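Have a look at the structure below, then the notes.
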Amino acid sequence: MWAVATLTFFAIRLIPGDPAQAILGGPGSQASQEALDQVRRDYGLDQPLIVQYVAMLGRLLTGDLGDSYALKVPVAELLGAQIGGTLLLAVLSLALSWVLALALSLVSTGRGRVATAVGEGVELTAAALPQFWLAAVLIAIFSTGLGWLPPVATGTPSGLVLPVVTLAIPLAGFLAQVMRESLLDAMSQPFVISARARGESALGIRLRHTIRHAALPGISLSGWALGWLLSGAVVVETIFAIPGLGRTLLQAVTLRDIPVVTGVVLLIALVYVVMTVLTDLAARIADPRLRQEAPR
Amino acid sequence: MRAAPVTTTTTKRRAGVIAGAVALVSAITLAGCQAAEPEASGDPVEGGTLVYASGDAEPTCLDPHVGGNYPQALISAQFLESLVSRDATGEIIPWLAESWEPSDDRLAWEFTLREGIEFTDGTPLDAEAVKVNVEHLKDPATQSSTGYLALGKVEAVEVVSDTVARFVLSAPDSALLESLAQPWTAIQSPAGIARGMDANCQAPIGTGPFIVDEWVKQDHVTLVRNDDYASAPADAANTGPAYLEGIEWRFVPDSSTRYAALQGGQVDVIDNPQPDTIAAAQGDDAFTWLDAPRPGASNRIELNSGQAPFDDERVREAFIRAVEVNDGIESLFFGTAQRSYSPLSSREPLAYSDASLFETDLEAANALLDEAGWTARDSDGTRMKDGARLTLRFPVSTNQSIPAEQSLFEQVQATAKQAGFDVVISLLDLSSWYGALAVNEYEIVSAPYTKVGPDVLRILYHSDSIIPAPSGYFANLSQLDDPEVDALLTEAASTSDPAERAALYEQAQQLILGGYYLLPLYDQQNSFLLSADVKGARAMPTVSTPSFLDAWLIG
């Protein structure tokens, strides 16, 4: 977290733009010299960079993210108001991509060359789809064409469908690729043959035995996936006009609103850390071998 | 030049729009459209909530006194009103002030306010309120930029009586009324201002037809009807409260999403439609196109005459002779934009045009460059002089130039190359763009400027505007520095005689155009697509913000 805060602090100062101007009405502002000086004093921007850096670390340690330059409200309050929507979007997308990925890999793995080829083709295509393009196509089909779903998310469940699908499809393609490999691996294990010998059906084997193997890499990837979804939210929130962290970040970068950018980046880093811990725990549940502290 | 009135164009279904002939067909479609009078569409219907989807940036503060940009003007015009307005012919008309009178020396103006008007918090609109508003605008703590500049010559406001406010000026200002007609100098409740910046930014209190009820950040602002509304501008069709119960003002940044939402009936009005969208909507009678170019300056490419190579008039003329934009405007804007030959918007009655100055002629361009000493060529065909390449840096703001305009600039680049110019386009975000201008790293640039009245010429072409503000910003981007132009603009800004004012502005525009300091492109594009169920909506003739006072919903 410290590394992330440090990187963000220095990276954002590399892009052109004066923070004092950001405070006084954004780019192109015609603020007077007195006003600029006043703001630089108030926000400590006249101090050497290292002093500003230490001051920022000190504030962060006490949990103070500072005030937004542009909106003049505490960053914590701003992010608190927006994180719910983005997390909901990300978690729903993750869940849907899991369902899609499992279904795809279970249906198409080990079912002959044609099924495998089709499955792999679908996965590869899905994983490679750019979100902005997918969103435009989905809107064209389901909003403009069929009129089933609204293009602008207005807080209703139906408004969330298209954004969630847009985020889930590329991710599902990616997860399914990984799952297929471990599923194939598991299918060739001796325990599959012994299960078959006991009279287990092909579907039964998949659902009762090999699915755990397929799920394992998927689970460990989910931490990464959630982070990926949070950054994907920037695109999807903008296209579907959903309030959230992605749009907050985009606006903050445009306005050179340093405290907000730092806050969002730290928050995403925190989500990564929490998710890594959670996926480790989930992996232990899915794989009993990890529960014994035996050396591999 | 006469100002083109804002026209409500009812689109008509036309068959056979083939991809290859889209530009031609849209031009015909446009030409065939008739201006429809809003009054002609039946009797107003009471009730309903209009959903508006805005593609402009969501304001960080709803009070247009703070900062002062166009997104703030768009929404605040729904709940704040100004002392005066402007009608479609460019005439200043009464609004919150019913009359006004300058003193003989023109250093004092007395505004008589309409009686019995209250802000929506019950505070009466009186001379004291006007005084508080002007002081609020001039207070550095308000951080006003646009309104502050507009009231530059106003020293103080004196309360003469409850209904008479006297503006005391430091110098005569022929642009005072135009300045006061802008949304950035709108009059708010003094009690609202007294709540402090944070509260006032959330929900400013005005006299307008709607009231800010709730602002859900990044999502929408809910506006509800002001049932006691009684202060319509003199040119409004409806003088009482609005027919609509309210407006849901949504922020939808993506332009294709906005159009999809309009097509699906999820929203009733969208702003900032892209030219291809407008062309598509032309073929569908479910939509109405409200074309409302902004006042002030035209969109134009400024040539930086402050440094080489454009400090040489021959090189400037060569660039203008070489660059061909008409075909590009026609095809890239699908016939929705009209070529301009004036530094001013066609909305300005005093705009002066001269198409003859902008004829393209590659041979003449080459001859001028040869004459100016740019005779050598490098391996790319770019002209050279004393070892320097004829390079033109062109920073383009992606926030201000729509994709069609960016493509047009690529055509500028391609046609200028034929004469040996190497135009280097850099697409920049707003902060970086202002940064490049502030350190003079540009030879050509396009920067919009919205203002009511021809006084915008003083801001853009008076040599005083080359001096940068502390932030590095300066408005005179062509860096035109001509004492004769300065004198004309200063005189025009202080004269009391309308005929003399018009003549002075005409002479100034002749000098500005004749010196090849700019290449006018088209009016600053600004338009709205409305569902055919929306009747009576119009764009204000001040800064072309939409007005829903006269609007109603059918069906």
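Of the residues in the stretch B:62-73, not one is surrounded by fewer than 21 Cβ atoms within 10 Å (Cβ to Cβ), away from every other protein chain (no Cβ under 14 Å) and without any contact (Cβ under 8 Å) to a residue 40 or more places away in the chain. For the stretch A:189-205, indicate whether the set of residues that are of a type in the set (Lys, Arg), part of a helix (DSSP H, G or I) and more than 30 Å from residue A:152 (Cβ to Cβ) is non-empty. Checking the stretch A:189-205: at least one residue is of a type in the set (Lys, Arg), part of a helix (DSSP H, G or I) and more than 30 Å from residue A:152 (Cβ to Cβ).
In the stretch A:232-252, the residue that is surrounded by the most Cβ atoms within 10 Å (Cβ to Cβ) out of those that are within 14 Å of residue A:71 (Cβ to Cβ) and either touching a residue at least 24 places away in the same chain (Cβ under 8 Å) or facing another protein chain (nearest Cβ under 7 Å) (or both) is A:248. Within the stretch B:103-120, the set of residues being assigned to a strand (DSSP E or B) and not β-branched (Val, Ile, Thr) comprises B:108, B:109, B:110, B:111, B:113, B:118. Screening the stretch B:44-61 for residues that are closer than 19 Å to residue B:214 by Cβ and away from chain A (no Cβ under 11 Å) and picking the one that is surrounded by the most Cβ atoms within 10 Å (Cβ to Cβ) gives B:52. Within the stretch A:238-258, the presence of at least one residue that is outside any helix (DSSP H, G or I), modelled with pLDDT of 80 or more and over 24 Å from residue A:135 (Cα atoms) is confirmed.
Entry remark, the stretch B:353-384: residues being in contact (Cβ under 8 Å) with a residue 60 or more places away in the chain and either closer than 21 Å to residue B:310 by Cα or out of contact with any Ser or Thr (no Cβ under 6 Å at 6 or more places or on another chain) (or both) number 5 in total.
In this structure, residue B:204 qualifies as more than 14 Å from chain A (Cβ to nearest Cβ), modelled with pLDDT of 95 or more and in a loop (DSSP other than H, G, I, E, B).
Looking across B:414, B:388, one residue alone is touching a residue at least 40 places away in the same chain (Cβ under 8 Å) and of a type outside the set (Phe, Trp, Tyr). It is B:388. Among residues belonging to the stretch B:247-304 that are on the phi > 0 side of the Ramachandran plot and surrounded by fewer than 24 Cβ atoms within 10 Å (Cβ to Cβ), point out the one that is farthest from the other protein chains (Cβ to nearest Cβ). Top of the filtered list is B:272.
Pick out the one residue from A:55, A:76 that is modelled with pLDDT of 85 or more, within 27 Å of residue A:10 (Cα to Cα) and more than 14 Å from chain B (Cβ to nearest Cβ). From the options A:55, A:76, the qualifying one is A:76.
Run down A:96, A:88 and say which single residue is assigned by TED's automatic domain parsing to the domain that holds residue A:184, part of a helix (DSSP H, G or I), crowded, with 18+ Cβ neighbours inside 10 Å and modelled with pLDDT of 80 or more.
On the way: A:88 fails: crowded, with 18+ Cβ neighbours inside 10 Å.
That would be A:96, the only listed residue that is assigned by TED's automatic domain parsing to the domain that holds residue A:184, part of a helix (DSSP H, G or I), crowded, with 18+ Cβ neighbours inside 10 Å and modelled with pLDDT of 80 or more.
Within the stretch B:195-217, the set of residues being closer than 24 Å to residue A:247 by Cα and free of Cβ contacts under 8 Å to residues at least 40 places away in the same chain comprises B:198, B:199, B:213, B:214, B:216. Checked against (1) in contact (Cβ under 8 Å) with a residue 12 or more places away in the chain; (2) part of a helix (DSSP H, G or I), residue A:281 passes all but a single condition, namely (1). Of all residues in the stretch B:471-492, those satisfying the criterion of being closer than 18 Å to residue B:516 by Cβ and outside any helix (DSSP H, G or I) are B:476, B:477, B:478, B:479, B:480, B:481, B:482. Counting only strands (runs of 3 or more DSSP E) that sit wholly inside the stretch B:356-454, those with at least 3 residues that are surrounded by 15 or more Cβ atoms within 10 Å (Cβ to Cβ) and within 33 Å of the chain's Cα centre (by Cα) are B:391-397, B:422-428, B:444-446.
Here residue B:459 meets the list (1) out of contact with any helix residue (DSSP H, G or I) (no Cβ under 7 Å at 6 or more places or on another chain); (2) touching a residue at least 12 places away in the same chain (Cβ under 8 Å); (3) in a helix (DSSP H, G or I) almost entirely, failing just condition (1).
Every test in (1) within 30 Å of residue B:330 (Cα to Cα); (2) part of a loop (DSSP other than H, G, I, E, B) is passed by residue B:257 save one, and that test is (2). The single condition among (1) within 14 Å of chain A (Cβ to nearest Cβ); (2) assigned to a strand (DSSP E or B); (3) of a type in the set (A, V, I, L, M, F, W, C) that residue B:100 does not meet is (1).
The values are calculated or read from the model by the stated rules, or taken from the named source; none is laboratory data. Just so it is clear, the model here is predicted, and its values are computed rather than measured. With ideal geometry, Cβ positions are generated from the backbone for all residues, glycine too; neighbour counts draw on all protein chains shown.
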